[in-house]
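Report on one structure; see the data block that follows.
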Amino acid sequence: MYNSKMNTYMETLRQYNLKATPQRLAIIDIVNKHGHINIDTLYEEIKKQFNSISLATIYKNINTMTENQLLLEVKLPNSKSVYEVTKSRHAHLRCELCGDVQDLTIDSNSLFVDISNKYDFKINNTDVILSGICKDCQ
Ligand SMILES: [Zn+2]
Ligand SMILES: [Zn+2]
């Protein structure tokens, strides 16, 4: 049961001063596997392990882990937020048809520096979501 992955998650929770409850470990595991996941899908997945868990409990845990920056909420226009395990800052690609969200791994920092210089604009929020049609949906 306690494989090395679970130990890593427990260690991560400890780093963020959060108690490693079985529900939290399961949430991190599912979010990690999916990359980006919305609450509804997470709820469906976690019910396979904890069939009596409530949506409120999931929200509570997600909020705690988001506040502690273990998880990151990615806000999407006209759609429910997705959550991911916090990594370094990155932009996202979102498919308009299937809703799939992917990480954009180009270095956007140099672009922001250019914009900042060109417009003499101090950028505070660099959340970028590009929408379009993914490879599978084309
Ligand atoms: Zn798609
Ligand atoms: Zn991401």
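The values are calculated or read from the model by the stated rules, or taken from the named source; none is laboratory data. Worth saying up front: this structure is predicted, and the values here are computed from it rather than measured. Methodologically, a virtual Cβ is constructed for each residue, glycine included, from the backbone with ideal geometry; neighbour enumeration extends over all protein chains shown. Surface areas here come from the heavy atoms of the whole protein model, side chains and all, with no ligands, DNA or RNA. Shrake-Rupley method; radii C 1.70, N 1.55, O 1.52, S 1.80 Å.
To keep it simple, each residue is scored yes or no on (1) in contact (Cβ under 8 Å) with a residue 60 or more places away in the chain; (2) open to solvent by 20 Å² or more (accessible area, probe 1.4 Å); (3) of a type in the set (A, V, I, L, M).
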{"site": "Asn7", "(1), (2), (3)": "no, yes, no"}
{"site": "Asn17", "(1), (2), (3)": "no, yes, no"}
{"site": "Gly35", "(1), (2), (3)": "yes, yes, no"}
{"site": "Glu45", "(1), (2), (3)": "no, yes, no"}
{"site": "Ser52", "(1), (2), (3)": "no, yes, no"}
{"site": "Lys60", "(1), (2), (3)": "no, yes, no"}
{"site": "Val74", "(1), (2), (3)": "no, no, yes"}
{"site": "Thr86", "(1), (2), (3)": "no, yes, no"}
{"site": "Leu93", "(1), (2), (3)": "no, yes, yes"}
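In the range 128-138, which residues are of a type outside the set (Asp, Glu) and exposed (fewer than 11 other Cβ atoms within 10 Å of the Cβ)?
Leu130, Lys135, Gln138
Here are some conditions: (1) open to solvent by less than 80 Å² (accessible area, probe 1.4 Å); (2) under 23 Å from Ile28 (Cβ atoms). Thr105 meets all but one. Which one does it not meet?
All conditions are met except number (1).
Can you confirm whether the range 5-15 contains a residue that is part of a strand (DSSP E or B) and on the phi < 0 side of the Ramachandran plot? Step through it out loud before you land on a result.
From the range 5-15, those part of a strand (DSSP E or B) are none; that's our starting set.
No.
Only one of Asn117, Asn125 is modelled with pLDDT of 90 or more, more than 23 Å from Ile30 (Cα to Cα) and open to solvent by 70 Å² or more (accessible area, probe 1.4 Å). Can you tell me which?
Asn117
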